[in-house]
Amino acid sequence: MTDELEAAKQSAQSWYWWGIPTFFRCPWNEAPEAADIALIGVPHSSGNGSTERDQHLGPRAVRNVSGFYRRSHFVHGFAPWDRARVNDLGDVPLPEAMNNEACVRDIEAFYRRLDAAGTRPVSMGGDHSITGPILKAIAGPGRNLSGGKPCSLIHFDAHTDSYDNMPHWLGAKRSAAHWAAYTAKEEAVDPHRSIQLGMRGHPSGAIHKGGVGGSSRELGYSVVTMQEFEEIGVASTLALIRERVGDNPAYITFDLDCMDPSVAPGVSNIEPGFSGFTIREATRLLQGLKGLNIIGGDVVCLMPTKDSPNQITAQLAMVMMFEIICLIAASR
């Protein structure tokens, strides 16, 4: 009977609707040392109090839809699961979920375990404040995954998240609006070897710190606005990224609001009125990063309660997560 049960379970593995949901139906194993690539949910919403609050539901939504997407990469020509041990480590426990500063502390502590084990994380948020503590845990002086150096940041977003002109964001000090600034100042990120892509959010004033991207440029980041991307295209943008990053360890953060609202309606900081990336533009940009030393990545700001009935934004988050997984697996 046991043999028959095991055979039936093995057969059922082919179907995405069977079993306990994990990211891409990967094994669930909480031990960082058991994985080369760790898939992690960060169900956090208290770092961006000015927008919708349901970003903490993002990891569960992507686990649900990603079951059917466990496959080989058509462009790269391999399955990441065949090249690396890829496990779902579960969610970061956040017992003080309504306290952003406590959550930032707990997220950093969780990811330091991965850095010590040499395990590269690919995370699903959660609002964009999660990226700050992840970077602090795996990059900069004393960190293993970055070789003790500040990492390059490859940042896809409609907004720079480098607000350095205000002490807090509705009370959150290490917020979704501040992380790109404090990680640069605290040497987790080298802004002079980093790039921000797709910015199109309207500044609060016509000349506020130089308009879109002004605060980031003051810190040393290179900024490619959406208008500039539309002028130069994918190939030239990839050349800029590669020139900027070089051989430095790099981290990818992908805010879903960089996408056009027509393909990603379920995001927290939706930006209508100025087109964002198409799905093909975004995947081509990510695929073009193959060969870089990617030490981790995240996808953030999914709003499942605002998504279309077919869960297109959750599926888009799934695709971008898969692309980052493949970039890390390709280097192994």
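The values are calculated or read from the model by the stated rules, or taken from the named source; none is laboratory data. Because the structure is a prediction, the values reported are computed rather than measured. Please note: Cβ atoms are built from the backbone with ideal geometry, for glycine as well, and neighbour counts cover all protein chains shown. Note: accessible area is taken over every heavy atom of the protein model, side chains too, but ligands, DNA and RNA are not part of it. Shrake-Rupley method; radii C 1.70, N 1.55, O 1.52, S 1.80 Å.
Give, to the nearest whole percent, the P(r) tail of the range 180-304 beyond 27 angstrom, counting all Cα pairs. Here the long-distance tail beyond 27 Å is 15 percent of all Cα pairs in the range 180-304. What the Kirkwood sum gives for the range 87-146 is a hydrodynamic radius of 11.8 Å, with every pair of different alpha carbons counted. Once the 1.4 Å probe is applied to the protein heavy atoms, the range 188-293 comes out at 40 Å² accessible per residue. Counting only heavy atoms of the protein chains and using a 1.4 Å probe, V42 has close to 0 Å² of accessible surface. If I fit a long axis through the Cα atoms of helix 226-245 and take the longest principal axis of the Cα atoms of the chain, what angle between them do I get, 0 to 90°, rounded to 10? So the inclination is approximately 70 degrees. The GNM of the chain, with springs linking C-alpha atoms under 10 angstrom apart, assigns the highest mean-square fluctuation among I130, I37, I270 to I270.
With contacts taken as Cα pairs under 8 Å at a separation of at least 6 residues, the chain carries a relative contact order of 20 percent.
With the charge dipole of the chain set up from +1 on Lys and Arg Cβ and -1 on Asp and Glu Cβ about the Cα centre, the Cα lying farthest toward the positive end among the listed residues I328, I40, V104 is that of I328. Each helix, a run of at least 4 DSSP H residues, gives -39500 (n - 2.57); summed and divided by the residues of the chain, these come to -10000 deg cm²/dmol at 222 nm.
Can you give the accessible area per residue of the range 31-115, in Å², using a 1.4 Å probe? Show your work: numbers first, answer last.
Working: 3630 Å² over 85 residues.
In whole numbers, the range 31-115 has 43 Å² accessible per residue.
Measuring with a 1.4 angstrom probe and ignoring ligands and nucleic acids, W18 comes out at about 100 Å² accessible.
Considering only the chain, what is the antiparallel percent among its DSSP beta bridges, to the nearest 5? Please list the in-between numbers first.
Details: 3 of 38 bridges.
Counting DSSP beta bridges with both partners in the chain, the antiparallel share is about 10 percent.
Charging the Cβ of each Asp and Glu at -1 and of each Lys and Arg at +1, and nothing else, the dipole of the chain about its Cα centre rounds to 440 debye. When the chain is treated as a GNM with alpha-carbon contacts under 10 Å, the residue of I195, I20, I252 showing the greatest mean-square fluctuation is I20.
Using every pair of separate Cα atoms, the Kirkwood estimate puts the hydrodynamic radius of the chain at 19.7 angstrom. Computed from Cα atoms alone, the Kirkwood hydrodynamic radius reported for the range 256-302 is 11.8 Å.
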